[in-house]
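The values are calculated or read from the model by the stated rules, or taken from the named source; none is laboratory data. Given the structure is predicted, the values throughout are model-derived calculations rather than measurements. Glycine gets a Cβ as well: all are built from the backbone with ideal geometry, and neighbour counts include every protein chain shown.
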Amino acid sequence: MGDHVDGLKFAGGSIFKGGWAEHLLTHPDPNTVFDRYLKKCKDLGLDVIELSSGFLSIPEDDWLRLIDKVHSYKLEPKPELGIQFGAGGDTPALGLEAIGTSDPGKLVNLGRRFLDAGVKRLMIESEGITENVTSWRTDVVSKIMKELPPERVMFEAADPKVFNWYVREFGFDVNLFVDHSQIVQLECLRTGIWGTADTWGKIVSFRP
């Protein structure tokens, strides 16, 4: 995808969309339909498979089996992790708060297992952290950046004020996934030619 964009997600369409693998897991025979799904993805020339369980409860060992299954088709699994159950359904903040969140330590431990299983990059769901919350869970972000390799983690930042905060707090190298309409704004922030009052002219580095 070039020097600035690591991946592109097609979130629309009738077959391949975010959460499709999650849907297949609810099938009475998930092993068969998941094999058919991966074969079709391979035949179409796709190379990355999103794995998310925002609406499902699945044992960690089964997560790892899904990772191995995707790898067996020579495809790259892209697990999306979060602390908010029910994330992705446009549920209001108060509704998600009523559901409750997972311990961030669970996310970190599962992330380590994914990396050990050969996952190249972990995607961190924003809901429960910076989206649909009454106050941001910056402590969760700090824990992830401290306990997982930062270069192997990518945070969802669906709003300019969110990615502005990430770049301000962790520098322009922080991995973020944003809407395609925000790529230019994000890159201008990283390079210092755009910013808000707290970042304009303040995003710098010191490298050979």
- prompt: So, in segment 156-177, of the ones that are surrounded by 15 or more Cβ atoms within 10 Å (Cβ to Cβ) and among the small types (G, A, S), which residue ends up farthest from the chain's Cα centre (by Cα)?
  reply: A158
query: Quick one: would you say R152 is surrounded by fewer than 15 Cβ atoms within 10 Å (Cβ to Cβ), touching a strand residue (DSSP E or B) at 6+ places or on another chain (Cβ under 7 Å) and either without any contact (Cβ under 8 Å) to a residue 40 or more places away in the chain or among the β-branched types (V, I, T) (or both)?
result: yes
- request: State whether one or more residues within segment 165-187 are β-branched (V, I, T) and in contact (Cβ under 8 Å) with a residue 60 or more places away in the chain.
  value: yes
Cross-chain or 6+ apart pairs with Cβ under 9 Å, segment 105-128 first and farther than 12 Å from P150 by Cα and touching a residue at least 60 places away in the same chain (Cβ under 8 Å), then in a helix (DSSP H, G or I) and aliphatic (A, V, I, L, M): E127/L96
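Output the number of residues of segment 127-142 satisfying the condition of being part of a loop (DSSP other than H, G, I, E, B), among the polar types (S, T, N, Q) and at pLDDT 95 or above. Before the answer, list the steps.
Taking segment 127-142 as the starting set, the residues that turn out to be part of a loop (DSSP other than H, G, I, E, B) are 128-130, 132-137.
Then drop every residue that is not among the polar types (S, T, N, Q), which leaves 130, 132, 134-135.
So of that shortlist, the ones also at pLDDT 95 or above come out as 130.
Counting residues in segment 127-142 that are part of a loop (DSSP other than H, G, I, E, B), among the polar types (S, T, N, Q) and at pLDDT 95 or above gives 1.
Does at least one position in segment 59-70 carry a residue that is free of Cβ contacts under 8 Å to residues at least 24 places away in the same chain and assigned to a loop (DSSP other than H, G, I, E, B)? Walk me through how you get there before you give the answer.
First, the residues of segment 59-70 that are free of Cβ contacts under 8 Å to residues at least 24 places away in the same chain: 59, 61-62, 65.
Now drop any that are not assigned to a loop (DSSP other than H, G, I, E, B), which leaves 59.
Yes: one or more hits.
Based on this model, can you work out whether N132 counts as polar (S, T, N, Q), within 17 Å of the chain's Cα centre (by Cα) and surrounded by 15 or more Cβ atoms within 10 Å (Cβ to Cβ)? Spell out how you get there, then give the answer.
Working: polar (S, T, N, Q): yes; within 17 Å of the chain's Cα centre (by Cα): yes; surrounded by 15 or more Cβ atoms within 10 Å (Cβ to Cβ): yes.
Against the criterion (polar (S, T, N, Q), within 17 Å of the chain's Cα centre (by Cα) and surrounded by 15 or more Cβ atoms within 10 Å (Cβ to Cβ)), N132 qualifies.
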